[in-house]
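Colleague: Okay, handing you the structure first.
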Ligand SMILES: Nc1ncnc2c1ncn2[C@@H]1O[C@H](COP(=O)(O)OP(=O)(O)OP(=O)(O)O)[C@@H](O)[C@H]1O
């Protein structure tokens, strides 16, 4: 779903369009961006829930440091791809509005494809890391 005009500030507040004046202000807007994507994008909430489950499994199985490194790469790849997907959707909607455009479709579909590729990468990493633990569990029951 596009992050659209529903996100406008109340008219009494003057929206900021000039540069941030401090690191704290930049950080505040960046954190607001993270919260906006979590709030508006169902897929992002799904990715975060999946990441929490994978982290729980990692703690439960007691996986090693290098495995944690790969898990971190996988999780951050998916989250970064979802952020980029949301950026592309917003810019496309800003440019074309409600009208259909072939290039708008290309941009949105390719942006979504980048998230899909990152998610497949994460699943492959998960299978490689957890496969021995799952076989061990199955063989001891
Ligand atoms: N202006 C447009 N012109 C052409 N095709 C469009 C346009 N807007 C959306 N689409 C098509 O509709 C699909 C869904 O668009 P939408 O903006 O709803 O994405 P979304 O639901 O936010 O996607 P996601 O599931 O990644 O969050 C796009 O992937 C694209 O194929």
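We did not get these values from a lab; they are worked out from the coordinates using the rules stated. As the structure is a prediction and not an experimental result, all values here were calculated from the model. Virtual Cβ from ideal backbone geometry, glycine too; neighbours counted across all protein chains shown.
Colleague: Arrange 115, 80 by Cβ neighbour counts within 10 Å, fewest through most, would you? Intermediate results must be reported in sequence, preceding the final value.
Modeller: Values: 115 22, 80 13.
Neighbour counts put them in this order, fewest first: 80, 115.
Colleague: Using a Gaussian network model on the chain with a 10 Å cutoff between Cα atoms, which of 26, 114, 77 fluctuates the most?
Modeller: It is 26.
Colleague: Further question: Can you show me the helix-derived [θ] at 222 nm for the chain, built from DSSP H runs with n ≥ 4 at -39,500 (n - 2.57) apiece and divided by the number of residues, rounded to the nearest 500.
Modeller: -27500 deg cm²/dmol
Colleague: Sticking with this structure for a sec: Between residue 23 and residue 99, what FRET efficiency follows from the Cβ-Cβ distance if R0 is 35 Å, with the result rounded to 0.05?
Modeller: 0.30
Colleague: Using a Gaussian network for the chain with springs between C-alpha atoms less than 10 Å apart, which of these wobbles most: 85, 20, 43?
Modeller: Between 85, 20, 43, it is 20 that shows the largest mean-square fluctuation.
Colleague: A further question on this structure: Along each of its three principal axes, how wide is the spread of alpha-carbon positions in region 21-73, in whole angstrom units, largest first?
Modeller: Principal extents (Cα only, largest first): 45, 26, 15 Å.
Colleague: In addition: Mind running the shape call on region 58-127? Use the C-alpha gyration tensor, a ≥ b ≥ c as the square roots of the eigenvalues: rounded below 1.5 for a/c, prolate if a/b tops b/c, oblate otherwise.
Modeller: Values: a/c = 4.97, a/b = 3.32, b/c = 1.50.
In terms of gyration-tensor shape, prolate.
Colleague: If you line up the long axis of helix 102-139 against the longest principal axis of the chain, both from Cα atoms, how many degrees apart are they, to the nearest 10?
Modeller: For helix 102-139, the angle is close to 20 degrees.
Colleague: If one takes the longest principal axis of the Cα atoms in the chain, at what angle in degrees, from 0 to 90 and to the nearest 10, does the Cα axis of helix 23-40 lie?
Modeller: So the inclination is approximately 70 degrees.
Colleague: Still on this structure: Give me 91, 17, 71 sorted ascending by neighbouring Cβ count inside 10 Å, so fewest comes first.
Modeller: Ascending Cβ contact count within 10 Å gives the list 17, 91, 71.
Colleague: Further, regarding this structure: Measuring from label point to label point, each 7 Å out along Cα→Cβ, what is the residue 110 to residue 84 span in nm?
Modeller: Result for the modelled spin labels: 1.1 nm.
Colleague: Where does each of 21, 101 land when they are ranked from fewest to most other beta-carbon atoms within 10 angstrom?
Modeller: 21, 101
Colleague: More than 21 Å apart: what percent of Cα pairs in the chain qualify?
Modeller: The share of Cα pairs beyond 21 Å in the chain comes to 57 percent.
Colleague: Rounded to the nearest 10 degrees, what's the angle between the helix 42-61 long axis and the longest principal axis of the chain, both from Cα atoms, 0 to 90?
Modeller: With both axes taken from Cα atoms, the answer is about 30 degrees.
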